[in-house]
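Here's the structure we're looking at; comments come further down.
The values are calculated or read from the model by the stated rules, or taken from the named source; none is laboratory data. Keep in mind it's a predicted model, so treat the numbers as computed, not measured. Every residue, glycine among them, receives a Cβ derived from its backbone with ideal geometry; neighbour counts consider all protein chains shown. These area figures cover heavy atoms from the full protein model, side chains too; ligands, DNA and RNA do not enter into them. Shrake-Rupley method; radii C 1.70, N 1.55, O 1.52, S 1.80 Å.
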Amino acid sequence: MNLKNEIVKTILIAPDSFKECASSVETARLIIKALKKYKPDLNLIVKPISDGGDGFLEVCRYYFGGDIIKYKITTPYDDSLFECPVLYNSGRKKIFIESADVLGLKILPQQFRKPMQLSSKGMGELLLQINEGVNKEKIMVDDIVIGIGGTGTIDLGLGMCSQLGLSLIDVEGNALDPMPNNYREIHNIQIDKIHFQFSIECVVDVNNPLIGTKGAAHSFGSQKGASENEIQEIDNSFGKVINILKNNILVDSSIRLSGAGGGLAAAFQFMFNSPLISSQDFILSHLGLSRYIGESDYILTGEGVFDIQTFMGKGAGVLVRQALANNREVFLVCGS
């Protein structure tokens, strides 16, 4: 595309985030700056996207508005505290949470990227604090939307669930610390569910199943730091946990459990019957990209790494498919 010589009617600028590097909003600004050096009078539609992973919060603020508020929760790797941001839209009575801000690789120093020793407990702590704020009438919340993706944990969300009424029991009746390296010892599971004042729905960045060769552990375990043996152990333990839940009639056998977020999405499914919003629905309908693709001549999207996982529900893959279905030319900006 020679921008100096060609008349371009409209270009849709809609990148996803570059994980651990730049958000989609920031990337869009950089793309605009570069394009306008060549042709200052370009007609641009600027709509950065998120599939639920890194940058979800910033994109939600870009589209829906709201204020950032922070809660102190523990890290996935120890009991030290950090301030976790959420987006509060008081008009909509809605809170948006980015799971990557709670459990993501971007908050995990390299030396702690050991999924067998990581817990999603911080997400449970965060939800409890929000619920307390609602009960004390400090905030008014009817709905929480959680973007699930970019997590460093692969614990099936059991760390979170342990804060919200779930207990893992070994063969001698003792409670187990909800960490993947203990899952082989699980003999029974008990749930005394906490009831929130709000509903929870999840935007998921991938459409893979929870268990199996295309499941949470096998698809994304290596990039989170798990060895081949650990990946197989995690996958086996997930199967064991789900069988116990089914035998105890604690999960609906007809539900297809999601592998997004290292199993975090599945935890919301069986704990709270949370509906899942696919990245495609979120991007095309909730963010309105379907309309903007139709109004554009060229689509410029991208992400940090464009590979086979891109077409498992990632944002750039959603846009590429939709653009081609509308006979639009697509240009990619990617790290690799």
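Of the residues making up segment 148-175, those that are part of a loop (DSSP other than H, G, I, E, B), at pLDDT 95 or above and surrounded by 18 or more Cβ atoms within 10 Å (Cβ to Cβ) number 7.
Taken over segment 176-195, the residue count meeting the criterion of being farther than 19 Å from Asp79 by Cα and open to solvent by 40 Å² or more (accessible area, probe 1.4 Å) is 10.
Checking each residue in segment 109-158 for being in contact with an Asp or Glu (Cβ under 6 Å, 6 or more places away or on another chain) and among the β-branched types (Val, Ile, Thr) picks out only Val145. Take segment 105-151 and flag every residue that is of a type in the set (Gly, Ala, Ser) and touching a strand residue (DSSP E or B) at 6+ places or on another chain (Cβ under 6 Å). Selection gives Gly122, Gly147, Gly150.
So that you can scan it fast, the table gives a plain yes or no per residue for (1) over 18 Å from the mean Cα position of the chain (by Cα); (2) surrounded by 24 or more Cβ atoms within 10 Å (Cβ to Cβ); (3) under 22 Å from Phe220 (Cβ atoms):
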residue	(1), (2), (3)
Asp51	no, yes, yes
Val59	no, yes, yes
Gly66	yes, no, no
Phe82	yes, no, no
Ile95	no, yes, no
Val102	no, yes, yes
Phe112	yes, no, yes
Ser119	no, yes, yes
Ile146	no, yes, yes
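Among the residues making up segment 256-297, those that are surrounded by fewer than 19 Cβ atoms within 10 Å (Cβ to Cβ), under 17 Å from the mean Cα position of the chain (by Cα) and part of a helix (DSSP H, G or I) are Asp281, His286.
The set of residues from segment 183-242 being within 22 Å of Gly104 (Cβ to Cβ) and aliphatic (A, V, I, L, M) comprises Ile200, Val203, Val204, Val206, Leu210, Ala216, Ala217, Ala226, Ile231, Ile234.
Can you tell me which residue among Ser237, Ser219, Ser253, Ser227 is buried (at least 19 other Cβ atoms within 10 Å of the Cβ), over 19 Å from the mean Cα position of the chain (by Cα) and small (Gly, Ala, Ser)?
On the way: Ser219 fails: over 19 Å from the mean Cα position of the chain (by Cα); Ser253 fails: buried (at least 19 other Cβ atoms within 10 Å of the Cβ); Ser227 fails: buried (at least 19 other Cβ atoms within 10 Å of the Cβ).
Checking each option against the conditions leaves just Ser237.
Here Phe196 meets the list (1) part of a helix (DSSP H, G or I); (2) among the aromatic types (Phe, Trp, Tyr); (3) farther than 20 Å from Asp51 by Cα almost entirely, failing just condition (1). In segment 277-284, the count of residues that are acidic (Asp, Glu) and modelled with pLDDT under 95 is zero. None of Asn207, Asn131 is polar (S, T, N, Q) and either open to solvent by 50 Å² or more (accessible area, probe 1.4 Å) or modelled with pLDDT under 95 (or both) except Asn207.
Only residues that are in contact with a strand residue (DSSP E or B) (Cβ under 9 Å, 6 or more places away or on another chain) and among the small types (Gly, Ala, Ser): list them for segment 34-72, please.
At the first step, the residues of segment 34-72 found to be in contact with a strand residue (DSSP E or B) (Cβ under 9 Å, 6 or more places away or on another chain) are 35-36, 42-61, 64-72.
Ser50, Gly52, Gly53, Gly55, Gly65, Gly66 - these are the residues of segment 34-72 that are in contact with a strand residue (DSSP E or B) (Cβ under 9 Å, 6 or more places away or on another chain) and among the small types (Gly, Ala, Ser).
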